[in-house]
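The values are calculated or read from the model by the stated rules, or taken from the named source; none is laboratory data. Remember, it's a predicted structure, so these values are computed and weren't measured experimentally. Ideal geometry is used to build each Cβ from the backbone, glycine not excepted, and the neighbour counts take in all protein chains shown.
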Amino acid sequence: MNEPIDITQKEFSTISKLVYESFGIILNDSKRSLVVNRLNKLLRSRGLSTFSQYFQQLQSDKSGDELQLLANSISTNHTFFNRESRHFEYYSKEALPEVTKNITDNDLRVWCAASSTGEEPYTLAMLQKEFFGMQYNQWKAGLLATDISETALGKATQGVYPADEVNKLPPTLKNKYFSKSGDEFAVKPDIKKEVAFRKLNLVKPFKFKKPFHVIFCRNVMIYFDQPTKDSLIKRMYDYTVPGGYLFIGHSETIPRHNCPYKFIMPAVYRKV
């Protein structure tokens, strides 16, 4: 077995600076072994023996493909169905009834801003199907789901998950919206078609034709510093309709003195 390619402090600082400037992700010294472990395979596949050579390759690539591979490697896409389940309960029982009563054109717009491998947006699509029931087809209620990682988006688009992950869902949702595929479960087509997956970098300016009634941006801002968080929150606020909701991760906070949204409950905010 080949010895791992180690990274010097200067090389780590250089890579960290590039990752921060490109994706807003903070890589402090505690992430050094993560960088080495995740990028070693990438370096070896290119016949490189140092991280300095790898950085030179990143700089010389004008297509952006190498930078995308770096994003795929560095970004963490750990998630599972029904994660932070209280959010989904609140969404079904409080947020959906509240925002839909003020919609006059039957156009519900929901954005999952860090969709990872698809568990979150698919769950929301199922909950919306349940909420609208027989009237669902009278609504435009699909979701936009975005992530920076093409690898994660590829898995999300496939919509196939191991049984132990799907089992975290309430049995009613699992039995109604999944079909068994060997040892795995596949999201049924009537749910898959309701979610549009797109690549998007949250630290870059984004433009949408219309604002959203609900934004889920959970467990991604933990990788950002405060100025990056503040900028993202302001831009999301600008793309939230009055009365619309923002959901963030339970391990994340928005300072009260610098939050344009109204605090509703832990990790749930509203534009008033």
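Numerical summary
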read-out	value
Meets criteria (within 26 Å of residue 231 (Cβ to Cβ) and either surrounded by fewer than 17 Cβ atoms within 10 Å (Cβ to Cβ) or without any contact (Cβ under 8 Å) to a residue 40 or more places away in the chain (or both)) for residue 53	no
Count of residues meeting criterion [on the phi < 0 side of the Ramachandran plot and either buried (at least 17 other Cβ atoms within 10 Å of the Cβ) or outside the structural domain of residue 156 (by TED's automatic domain parsing) (or both)] in the stretch 201-227	14
Matching residues in the stretch 213-230 - criterion: being modelled with pLDDT of 95 or more and under 25 Å from residue 22 (Cβ atoms)	215, 216, 217
Near pairs, Cβ below 7 angstrom, 6+ apart or cross-chain, from the stretch 136-165 (on the phi > 0 side of the Ramachandran plot and assigned by TED's automatic domain parsing to the domain that holds residue 224) to any residue that is among the hydroxyl-bearing types (Ser, Thr, Tyr) and surrounded by 22 or more Cβ atoms within 10 Å (Cβ to Cβ)	159/122
Per-region count, the stretch 128-149, residues outside any helix (DSSP H, G or I) and either more than 18 Å from the chain's Cα centre (by Cα) or of a type outside the set (Val, Ile, Thr) (or both)	9
Subset tally (residues that are closer than 18 Å to residue 262 by Cβ and in a loop (DSSP other than H, G, I, E, B)) for the stretch 216-242	1
Condition check for residue 43: buried (at least 18 other Cβ atoms within 10 Å of the Cβ) and closer than 30 Å to residue 217 by Cα	no
Residue 120 being assigned to a helix (DSSP H, G or I), surrounded by fewer than 17 Cβ atoms within 10 Å (Cβ to Cβ) and either in the same structural domain as residue 213 (by TED's automatic domain parsing) or in contact (Cβ under 8 Å) with a residue 12 or more places away in the chain (or both)	no
Out of 125, 152, sole residue that is out of contact with any Lys or Arg (no Cβ under 6 Å at 6 or more places or on another chain), buried (at least 21 other Cβ atoms within 10 Å of the Cβ) and either in a strand (DSSP E or B) or at pLDDT 95 or above (or both)	125
